[in-house]
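Trainee: Supplied in structure tokens, the structure appears directly below.
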Amino acid sequence: MPNHTIADILRGLEAKTFSSEEITQQYLDAIAKHDGNFNSFITVTPDQALAQARAADTARQNGSAGALCGVPIAHKDIFCTEGVRTSCASKMLDNFIAPYNATVVERLANAGVVTLGKTNLDEFAMGSSNETSFYGAVRNPWNTDCVPGGSSGGSAAAIAAGLAPAATGTDTGGSIRQPAALCGLTGLKPTYGRVSRYGMIAFASSLDQGGPMAKTAEDNALLLQAMAGFDHRDSTSMDLPVPDYRAGLNKDLSGLKIGVPKEYFSDGLDPEIASAIEASLDEYRKMGAEIKSISLPHTHLAVPCYYIIAPAEASANLSRFDGVRYGYRCENPKDLDDLYTRTRAEGFGEEVKRRILIGTYALSSGFYDAYYRKAQQIRRLIKQDFDEAFKSVDIIAGPTTPNPAFALGEKVSDPVTMYLEDIYTIAVNLAGLPAISLPAGFTKGKPIGLQLIGRDFDETTLLAAAHQYQQRSDWHQQAAPGSV
Ligand code: GLN
């Protein structure tokens, strides 16, 4: 199976080198044959995919093709898909067939994509290693003893393994960017409000944002184009025009001011990652950018602040899983209390329970001011750090993660060490900003991610900066040893 990008597939479909049905069948065959090594899919939908592919081929013949007509992709199993199980990698939703499509799913379908299936993730998107899934851990195609990152680890592994050219992800604290970094991919977390959250199972509503994951910045632009825009069904979606992202890829970057936060090069950073990031900054200098040292002084507070706010919101969002309305229900409940208690005790995994307990505690009267209100105040300070920085720079650059992919099992029993993996990504969600991770080298055969953070709603500059770097580097073109 060739290492296709979406742009390659569109060219092949236009030139009639292959039909959507043929390319879709190739991916379905690859999934059937190889996904046992990675566990990147929870549900594969071959019949539906082939029907969609045939419809796409007809649309292309009739001249009514949408922008992504006939391109097969996968959806993170957190997006509701009508008629197809939407599990969020939880026993709680193992039997849940969504009755409607998420806006992201619907918009991509309108653009003509074919859905191969639903990818694995950490349960309810809580995790950084894809080890908390009810359906088992996912393996990294660069090194199958290592995690692919999380929570969108299934999407990342599927792409890196060559089982899908691209996929959707969601990012609450780094879940698009961190797995993209660990699997050698390009992944974009859009500005909060850019992409509708309607039909995306809620984890922490003020932080969650859906976005694209693919091999290249160009493919991210193509996917974001279809996903982005106002949706009256999500009251936090912004009614702003959506720029032409692909046209923006060649935006002139000379004179671009790139800020490098000194706090992102602290002790915990792997020295080989630090030097790969320095080398990529040199490339940007050659491209005419100006590199400036900046400070984001509240960086060290981002992880503790997030681990109050995200669990607090999660504890409220997850109260809907009560065994009454949908999802898992315990056997033979004695009474209503027993129904609630046993359903939730049996249906949720350990990490989800830990978050519900922390969140409920932080919101309880007597602790609300000490924890939740304080965290909200710190969130404002973090946002102000970025506002201050963006007065003198156009984008901010640094590593996506402090370490490359770590071994399966290495951090799962130590939640705090696991939480620190998101030290460079979490502040971006707290501030609602867009950010992209792109491949910037390797250490001991494992990919390194460069993170670029932008101003609110300025995804265009991030995509352009990533794309132009990818015209001068080939990290993103390397194929994982485990890929098919
Ligand atoms: N790893 C972070 C967490 O566990 C972020 C997850 C995410 O972005 N969904 O909460």
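Trainee: Pull out a ≥ b ≥ c, the square roots of the eigenvalues of the alpha-carbon gyration tensor of segment 91-161, then state rounded if a/c is under 1.5, prolate if not and a/b is larger than b/c, and oblate in the remaining case. Intermediate values should be presented prior to the final figure.
Mentor: On the way: a/c = 2.59, a/b = 1.43, b/c = 1.81.
Oblate, since a/c reaches 1.5 and b/c is not below a/b.
Trainee: Could you go through segment 28-41 in sequence order and give the Karplus-derived ³J(HN,Hα) for each residue, using 6.51 cos²θ - 1.76 cosθ + 1.60 with θ = phi - 60°, rounded to whole Hz, and x for Gly and Pro?
Mentor: 4, 5, 5, 4, 4, 7, 10, 5, x, 7, 10, 6, 7, 10
Trainee: Beyond a 27 Å Cα-Cα separation, which of these cross-linked pairs lie in this structure: K91/K444; K262/K286; K189/K251; K215/K262; K411/K446?
Mentor: Details: K91/K444 36 Å; K262/K286 21 Å; K189/K251 20 Å; K215/K262 29 Å; K411/K446 18 Å.
Violating the 27 Å Cα-Cα cut-off are K91/K444; K215/K262.
Trainee: Here is a further query. When the Kirkwood radius is taken over all Cα pairs of segment 403-462, what Stokes-Einstein diffusion coefficient follows at 10 °C and 1.306 mPa s, in µm²/s?
Mentor: Details: Rh = 13.3 Å.
Reported coefficient: 119 µm²/s.
Trainee: Using θ = phi - 60° and the Karplus form 6.51 cos²θ - 1.76 cosθ + 1.60, what ³J(HN,Hα) does each residue of segment 66-71 get, whole Hz, x for Gly and Pro?
Mentor: Calculated HN-Hα couplings, in order: x, 4, 10, 4, x, 7 Hz.
Trainee: Going by amide H atoms built from the backbone, whose H comes under 5 Å of the H on G441, apart from near neighbours?
Mentor: The list, which skips near neighbours in sequence, is I448.
Trainee: Full-extension gain between H300 and D94, please, as 0.36 nm times their residue separation minus the C-alpha to C-alpha distance. The partial results should precede the final answer.
Mentor: Numbers: separation 206, 0.36 × 206 = 74.16 nm, distance 3.74 nm.
Result: 70.4 nm gained on full extension.
Trainee: Also: I'd like the Kirkwood hydrodynamic radius of segment 1-141, using the inverse of the mean 1/r over distinct C-alpha pairs, in Å.
Mentor: 15.6
Trainee: Relative contact order of segment 363-484: what whole-number percent is it, with Cα pairs under 8 angstrom and at least 6 residues apart? Walk me through the numbers before you get to the answer.
Mentor: Working: 119 pairs, mean separation 30.1, N = 122.
Normalised by residue count, the contact order of segment 363-484 is 25 percent.
Trainee: What share of the DSSP beta bridges in the chain is antiparallel, in percent to the nearest 5?
Mentor: Values: 31 of 43 bridges.
Antiparallel bridges make up about 70 percent of those DSSP assigns within the chain.
Trainee: If you don't mind, there's one more thing I want to ask. How would segment 153-269 be classified by its alpha-carbon gyration tensor: rounded, prolate or oblate, with rounded meaning a/c under 1.5 and the a/b versus b/c comparison settling the rest? Don't jump to the answer; show the numbers that get you there.
Mentor: Values: a/c = 1.26, a/b = 1.14, b/c = 1.10.
Note, shape of segment 153-269 comes out rounded.
Trainee: Going by average Cβ neighbours within 10 Å, how do the peptides 18-26, 143-151, 396-404 rank, with the highest at the top? Don't skip to the end; give the middle numbers.
Mentor: Working: 18-26: 20.0, 143-151: 26.9, 396-404: 24.2.
Top to bottom by mean Cβ count within 10 Å: 143-151, 396-404, 18-26.
Trainee: Tell me, E313, E350, E123 in order of fewest to most beta-carbon neighbours within 10 Å? Mind showing how you got there, number by number?
Mentor: On the way: E313 22, E350 11, E123 27.
By the 10 Å Cβ count, ascending: E350, E313, E123.
Trainee: Also: Looking at the P(r) of the chain, how many percent of alpha-carbon pairs lie beyond 27 Å? The partial results should precede the final answer.
Mentor: On the way: 59363 of 116886 pairs.
Value for the chain: 51 percent of Cα pairs lie more than 27 Å apart.
Trainee: Using DSSP to define loop residues, name the chymotrypsin sites (Phe, Trp or Tyr not before Pro) in segment 238-347 whose beta-carbon has at most 16 other beta-carbon atoms within 10 Å. Walk me through the intermediate numbers first.
Mentor: Working: sites: Y245, Y264, F265, Y284, Y306, Y307, F321, Y326, Y328, Y340; in loops: F321, Y326, Y328.
For chymotrypsin sites (Phe, Trp or Tyr not before Pro) across segment 238-347 that sit outside H, G, I, E and B with at most 16 neighbouring Cβ atoms in 10 Å, the list reads Y326.
Trainee: Please compute the modelled spin-label separation between K374 and S293, points set 7 Å along Cα→Cβ, answer in nm with one decimal.
Mentor: My value for the distance between the label points is 3.2 nm.
Trainee: Taking the Cα centroid of segment 401-440 and of segment 130-148, what is the distance between the two, rounded to the nearest whole Å?
Mentor: 15
Trainee: Given 0.36 nm per residue, what is the gain on full extension from L357 to D337 after removing their alpha carbon distance, in nm?
Mentor: Numbers: separation 20, 0.36 × 20 = 7.20 nm, distance 1.77 nm.
Once the chain is fully extended between L357 and D337, it gains 5.4 nm.
Trainee: Got a sec? Charge dipole of the chain, +1 on Cβ for Lys and Arg, -1 for Asp and Glu; which of I426, G150, L240 is way out at the positive end?
Mentor: So the residue furthest toward the plus end is L240.
Trainee: Using helices alone, what [θ] at 222 nm do you get for the chain, with -39,500 (n - 2.57) per DSSP H run of 4 or more residues, divided over all residues and rounded to the nearest 500?
Mentor: On the way: 16 runs with 175 residues, N = 484.
So the calculated ellipticity at 222 nm is -11000 deg cm²/dmol.
Trainee: In what sequence, highest mean first, do 377-387, 417-427, 157-167 appear when ranked by Cβ atoms within 10 angstrom?
Mentor: Working: 377-387: 17.0, 417-427: 23.5, 157-167: 30.0.
So the peptides 377-387, 417-427, 157-167, ranked by packing, come out 157-167, 417-427, 377-387.
Trainee: Also: According to a simple spin-label model (label point 7 Å from Cα along Cα-to-Cβ), what is the distance in nm between A247 and H232?
Mentor: Distance between the two pseudo-spin positions: 2.7 nm.
Read-outs throughout are calculated quantities, based only on the coordinates presented, and are distinct from any laboratory measurement. Keep in mind it's a predicted model, so treat the numbers as computed, not measured. A quick note on method: Cβ atoms are made from the backbone with ideal geometry, for glycine too, and the neighbour counts reach across all protein chains shown.
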